[in-house]
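*Asks:* Provided herewith is a single structure, encoded as structure tokens, for subsequent inquiry.
The values are calculated or read from the model by the stated rules, or taken from the named source; none is laboratory data. What you are looking at is a predicted structure, and each value in this text was computed from that prediction instead of being measured. No Cβ is skipped: glycine too gets one built from the backbone with ideal geometry, and neighbour counts run over all protein chains shown.
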Amino acid sequence: MRVGLAVVAGLVVAAVSTLAWAQRPGSPRAVFEAKTLPKTDVEKSILGVIERVGREQRAGNMIVPEEDGRLLRAWTEAVGAKNVVEIGTSVGYSGLWFCLALKGTGGKLTTFDIDERRSAMAKANFEAAGVADIVTMVLGDAHETVKQLKDPIDVLFLDADKAGYLDYLQKLLPLVRPGGIVIAHNMTPNMADPRFVEAITTNPELETVFLHMDASGVSVSVKKH
């Protein structure tokens, strides 16, 4: 049941996000707008930092689009995630979207990156948002450092070296709990590693859907019970 609800929630959010984009030439589809509205002062504070980071630090720092950030938050809340693992911290933008959900679920984020400059920026952003207490940052080659992980994973987010996605999946999928999800970014045909695509679409343990394929491209794979 939890898997089904998570899939439905993700697809609904994806549809809303897609409809929020400007209408494309020749498309008869109406345009609807939807924004993330803060429920609490904590959410308001985090969203303020998210807006600033998206505005001031997007250029050159490989930040996910806002629509994808909202998707991450929705999936995290949908599965009631307690343990989120992110490969590719950058400046912490996607991590802040995760924390928006984790503050409500009582969970934590462990995020990996190899770039010292961006990691320093991410640390400052997490502190500014008041979420540093639920974030563990790991600096170094994630292909090696992820080996330290032992706890069950509710949400695994891959947004680092595309050729490395398969290795991350092979090392961490055993830790993803039944009903947990693996989300991969930049899954468009010109960016996705065909080996990874094959791995998530031919494994009977996984139910995989592709979202936002006319933009950044996101795959969501639910680990079956």
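*Asks:* List the pairs whose first member sits in the range 179-194 and is within 15 Å of residue 169 (Cβ to Cβ) and free of Cβ contacts under 8 Å to residues at least 40 places away in the same chain, whose second member is of a type in the set (A, V, I, L, M, F, W, C) and part of a loop (DSSP other than H, G, I, E, B), and whose Cβ atoms are under 8 Å apart, counting only residues at least 6 apart or on separate chains?
*Replies:* 184/192; 186/192; 187/213
*Asks:* Would you mind telling me which numbered condition in (1) surrounded by 17 or more Cβ atoms within 10 Å (Cβ to Cβ); (2) more than 17 Å from residue 193 (Cβ to Cβ); (3) touching a residue at least 40 places away in the same chain (Cβ under 8 Å) residue 110 fails?
*Replies:* Of (1) surrounded by 17 or more Cβ atoms within 10 Å (Cβ to Cβ); (2) more than 17 Å from residue 193 (Cβ to Cβ); (3) touching a residue at least 40 places away in the same chain (Cβ under 8 Å), only one is false for residue 110: (3).
*Asks:* Here's something else I'd like to know. Looking at (1) at pLDDT 95 or above; (2) in a helix (DSSP H, G or I), can you tell me which one residue 85 breaks?
*Replies:* Result: residue 85 fails condition (2) only.
*Asks:* If you don't mind, there's one more thing I want to ask. Starting from the range 148-171, keep only residues that are on the phi > 0 side of the Ramachandran plot, then list their pairs with residues that are of a type in the set (A, V, I, L, M, F, W, C) and assigned to a helix (DSSP H, G or I) whose Cβ atoms are within a distance under 7 Å, requiring at least 6 positions of separation or different chains.
*Replies:* Matching pairs, first to second residue: none at all.
*Asks:* To continue, here is another question. Go through (1) outside any strand (DSSP E or B); (2) buried (at least 16 other Cβ atoms within 10 Å of the Cβ); (3) among the acidic types (Asp, Glu) for residue 154 and report which single condition fails.
*Replies:* For residue 154, the failing item is (1).
*Asks:* Only one of these conditions is not met by residue 44: (1) at pLDDT 95 or above; (2) among the charged types (D, E, K, R); (3) over 25 Å from residue 182 (Cα atoms); (4) touching a helix residue (DSSP H, G or I) at 6+ places or on another chain (Cβ under 9 Å). Which number is it?
*Replies:* Unmet condition: (4).
*Asks:* Are any residues in the range 90-113 assigned to a helix (DSSP H, G or I), under 11 Å from residue 77 (Cβ atoms) and of a type outside the set (A, V, I, L, M, F, W, C), and if so, which ones?
*Replies:* Taking the range 90-113 and keeping what is assigned to a helix (DSSP H, G or I), we get 93-105.
Filter once more, keeping what is under 11 Å from residue 77 (Cβ atoms): 97-98, 100-105.
The answer is 103, 104, 105.
*Asks:* In the range 153-176, how many residues are of a type outside the set (A, V, I, L, M) and within 17 Å of the chain's Cα centre (by Cα)? Break it down into steps so the answer makes sense when it comes.
*Replies:* Start the filter on the range 153-176 by keeping residues that are of a type outside the set (A, V, I, L, M), which leaves 154, 157, 159, 161-162, 164-165, 167-168, 170-171, 174.
Imposing the further condition that a residue be within 17 Å of the chain's Cα centre (by Cα) reduces the set to 154, 157, 159, 161-162, 164-165, 168.
Total satisfying the criteria: 8.
*Asks:* Considering only the range 119-139, state which residues are charged (D, E, K, R) and loosely packed, with under 15 Cβ neighbours inside 10 Å.
*Replies:* Start the filter on the range 119-139 by keeping residues that are charged (D, E, K, R), which leaves 123, 127, 133.
Residues satisfying the conditions are 127, 133.
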